[in-house]
Each structure stands twice: as structure tokens, then as C-alpha cells.
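Peer 1: Input: one structure, supplied below.
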Amino acid sequence: MKRLRTEAVVHLDRLKRNLIRAKDRLPDGCDMIMVVKGDAYGHGIPGVYPLFKDFGIKHYAVSCWEEANALRDCGAAEESILILGDTIDDQQDKLIEYNITQTIFDLERAESLNALAKAAGVIQPINIKIDTGMSRLGFAADESSVDAVKKISQMSNLKITGAFTHYMCADELDNPKTDIQLSAFLKTAELYKSAGIEIPCLHTANSPALILRPETYLDSVRAGDAIFGLCPVDDEAWEESGIEEVMTWRTYIAMLKEIPAGTQVGYGATYTAGKTVKIATIPIGFADGYSRHMSNKGVVCIKGKLAPIIGRVCMDQFMVDVSEIEDVKRGDEVELLGSQFGIKDMAEMLDDNVDEIVCRISKRVPRTYTY
């Protein structure tokens, strides 16, 4: 097999183990909604969907119509797909054509979707979003929303299949906001039930809650970044979960050279060699999604040793100091993300979010899949 300039390697064996660990946490009767927004958190929907299908995942959640379409295109014909966000009016006909469940957060959206579904002669599935504190999308978590949701439940061509909310601070075990939000959601759901509104599936738990808050599981859990090994909680809870990072990222050394003391490196001349230094040029840059903020602070792994980045990360290349690595040569593999320096390590170095690290890896970096 020919080598690639670079590749983000998705380790499907790790992904499967993470699924098993997550599923083992759930009580009988609690289902899993697999969240694959952000092109499966940068891992690639077409590449991971076959494993999810074999595992028996029946329910998915995405952010937008384009991601729902990607799931249908790669074979998710019968599974339910929930769009967690909005769908622009001009694309709402696609929801009906492809049987995609839309989140509803106001009466007007429901009325327009009901009209489209009625014209098409179908019953359109929807979920009700309840805003318990995020202040993004959602009906108010009190009695003021009951009349609107009641009207929606009576619309001839809409069917409420679930209701949900989203937590602000579920990654903080001792933060009382999660308890407050859960209580508000359950009270609102009870108000709906008392008004005769039938909602078969209540779901609030996201990935942090999956690990830290079993009381939030309810009927289903929305499992997202944690399944891909993207740490959403503190170190101790993460270690105890046994969940593994799924993606690694590698490239190679394009060129080696020695530079004498006083030589400057890269744009802006931000690094000056204090002694003779052996440097390697790496054919990756911020156009590949490798953060420019790694300049003069990041590391890569070559032959099991960490090599510091010197100078600025360019659009397509950057340089590292390999003076302390023996027998290094052109073509040697360079691990950008892996066992020595992983996604969580990079996020901590950049004071960044783990999801952003992998979602930022650009489309010009091929995703490859291996067991």
C-alpha cells in the first residue's frame, strides 16, 4: 500500500470498545442516540457508520440537514435521524423527502413543517426542544410553553417522538446547574403530560452526563464526543471510564538539514538557533488544520521521542528540532497525534476544546480506517 503525505487514522477497534463501555453504563430500557455532528467529530460519517450499523445503533443525531443527508447517503435508510439544530425554510422539504426528525422550538416552525407534511401526505416526526438554561434554542421550561406544544401535538401531520434539553455544565460533577436543569426539564415534561401531550422519549444526557450523571439518562442518552475518545470531563473520571482516543494523525519528514548558531527559522524569524541544530521540515500546516498556535510550543513524535516545533507553523509546512533523535532520515514517520502526544494533550497545550482539535483537521487530510 502506497503511503500518503498525511492521514488521520481512525482506529475502529477502539471505537467499538468505546461503544461497548458506553452501552454497559446504560440500564435496561435506556437507548443510545449516536451523535455524529461535525462529520462524526471529524472522523468521517461514511467511515464510521458501518461499525455503528453492525453494533445495532438505530438512532442518530446531527446538527444540520447536510449531515443527515450524509448518513442517508451512506446507507442509513431505516434509522431515525434527529437534527438537533434548525433547518432553513428552503430545505425543510428535504426533511420530509428523507424522513428526518426535526427539532421544533417554536410554534411557527411547527406550522410551516406541518403544512409541508400535509401537502406531501406524510406524518413528519419531530422532537421538542426545551430550554432549561443554555439560552440557545427551545421552548421555555415552564407552563408558558404548554399551550404552544399542545397545539403542535394536535397538528394533523406532525408526530412528537421525543423531547430534550442540553446541559450547560454536565462536565462539572459538583455544579448544581445540572440538577437545576434536570429538575426544570422533568417538571416541564410533567406539565406536558398533564395537558395530554404524549412524548414517548425523553433525553437529556450528553457525553459528559453519560460519564458523570447517570440520573440524567432517562429514556435515551445522546452519546457523542466521548464515543470518539474525546475527553469531556476531568482527568480522574476520564481515566476511570477506560475510553480511548480513536483518531491518530501522521505524516513524514520531508527534509533534514543542520543550521548553525544564530540562524533564524520561519516566518517572522521567531526562532533563532542558540547552537548548531538539526531540523526536519514537516509537510503539514494550518491549511491541514494543524493549529498555527502550535508555533514554538508544540511537539511531534519521531521514533518514539518528542521533537519540539521551532518557528511558526506555516500554511503547508513547519519545522522541528530533531537534534536529540538518532538515525533520523527523510521519510521517517511523524506522529502529530498519537500515544505520546494525543488530542487531549494538544487541547490542553492550546487551552482549547478536544472537539475543535479533530473537527479542525481539514478535508485535504484523508481519513483512513483500520482495525
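The values are calculated or read from the model by the stated rules, or taken from the named source; none is laboratory data. No experiment lies behind these values; they were computed from the predicted model shown. Don't worry about glycine lacking a Cβ; one is built from the backbone with ideal geometry, like all the others, and counts go over all protein chains shown.
Peer 1: Could you check how many residues of the stretch 221-252 are over 30 Å from A163 (Cβ atoms), in contact with a helix residue (DSSP H, G or I) (Cβ under 7 Å, 6 or more places away or on another chain) and surrounded by 24 or more Cβ atoms within 10 Å (Cβ to Cβ)?
Peer 2: Of the residues in that region, 2 qualify.
Peer 1: Give me the strands (runs of 3 or more DSSP E) completely within the stretch 307-371, filtered to those with at least 1 residues that are more than 30 Å from G274 (Cβ to Cβ), ordered by residue number.
Peer 2: On the way: elements: 318-321, 333-337, 367-370.
Fully inside the stretch 307-371 and qualifying: 367-370.
Peer 1: Any idea which residue in the stretch 122-138 is nearest to T161 (Cα to Cα), counting only those that are of a type in the set (A, V, I, L, M) and touching a residue at least 40 places away in the same chain (Cβ under 8 Å)? Full working, then the answer.
Peer 2: Filtering the stretch 122-138 for residues of a type in the set (A, V, I, L, M) gives 122-123, 126, 128, 130, 134, 137.
Imposing the further condition that a residue be touching a residue at least 40 places away in the same chain (Cβ under 8 Å) reduces the set to 128, 130, 137.
Working: I128: 8, I130: 14, L137: 18 Å.
Among those residues, the one meeting the criterion is I128.
Peer 1: From the residues in the stretch 157-178 that are of a type outside the set (V, I, T) and within 18 Å of the chain's Cα centre (by Cα), which one is farthest from I104 (Cα to Cα)?
Peer 2: D171
Peer 1: Inspect all residues belonging to the stretch 45-67 and state whether any of them is in contact (Cβ under 8 Å) with a residue 40 or more places away in the chain, part of a helix (DSSP H, G or I) and closer than 16 Å to R222 by Cα.
Peer 2: No, there is no match, as no residue in the stretch 45-67 is in contact (Cβ under 8 Å) with a residue 40 or more places away in the chain, part of a helix (DSSP H, G or I) and closer than 16 Å to R222 by Cα.
Peer 1: Residues being free of Cβ contacts under 8 Å to residues at least 60 places away in the same chain and within 20 Å of A205 (Cα to Cα): count how many of those fall in the stretch 87-102.
Peer 2: Qualifying residue count, the stretch 87-102: 1.
Peer 1: Taking the condition of being assigned to a loop (DSSP other than H, G, I, E, B) and either crowded, with 18+ Cβ neighbours inside 10 Å or touching a helix residue (DSSP H, G or I) at 6+ places or on another chain (Cβ under 8 Å) (or both), how many residues in the stretch 112-136 meet it?
Peer 2: 4
Peer 1: Select from the stretch 330-366 the residues that are surrounded by 20 or more Cβ atoms within 10 Å (Cβ to Cβ) and within 18 Å of the chain's Cα centre (by Cα) and list them in ascending order.
Peer 2: L337, G342, I343, M346, V354, D355, I357, V358, I361, V365
Peer 1: Any residue that is part of a strand (DSSP E or B) and surrounded by 14 or more Cβ atoms within 10 Å (Cβ to Cβ) - is there at least one of those in the stretch 284-299?
Peer 2: Narrowing the stretch 284-299 to residues part of a strand (DSSP E or B): 299.
With the extra rule that they be surrounded by 14 or more Cβ atoms within 10 Å (Cβ to Cβ), the set shrinks to 299.
For the stretch 284-299, residues part of a strand (DSSP E or B) and surrounded by 14 or more Cβ atoms within 10 Å (Cβ to Cβ): present.
Peer 1: Still on this structure, I have one more. Within the stretch 14-36, can you find the residues that are in contact with a Leu (Cβ under 9 Å, 6 or more places away or on another chain), under 19 Å from L202 (Cα atoms) and assigned to a loop (DSSP other than H, G, I, E, B)?
Peer 2: Here is the first cut: in the stretch 14-36, the ones in contact with a Leu (Cβ under 9 Å, 6 or more places away or on another chain) are 15-16, 19, 22, 25-26, 30, 32-36.
Checking the rest, the ones that are also under 19 Å from L202 (Cα atoms) come to 22, 25-26, 30, 32-35.
Hits for the stretch 14-36 are L26, C30.
Peer 1: Filter the stretch 302-315 down to the residues that are surrounded by fewer than 15 Cβ atoms within 10 Å (Cβ to Cβ) and either outside the structural domain of T270 (by TED's automatic domain parsing) or within 29 Å of the chain's Cα centre (by Cα) (or both) and list them by number.
Peer 2: Result: G304, M315.
Peer 1: Here is a further query. Output the qualifying pairs, or none if there are none: Cβ atoms under 7 angstrom, residues six or more apart or on different chains, first residue in the stretch 110-121 and in contact (Cβ under 8 Å) with a residue 12 or more places away in the chain, second residue acidic (D, E) and assigned to a helix (DSSP H, G or I).
Peer 2: S112/D89; L116/D93
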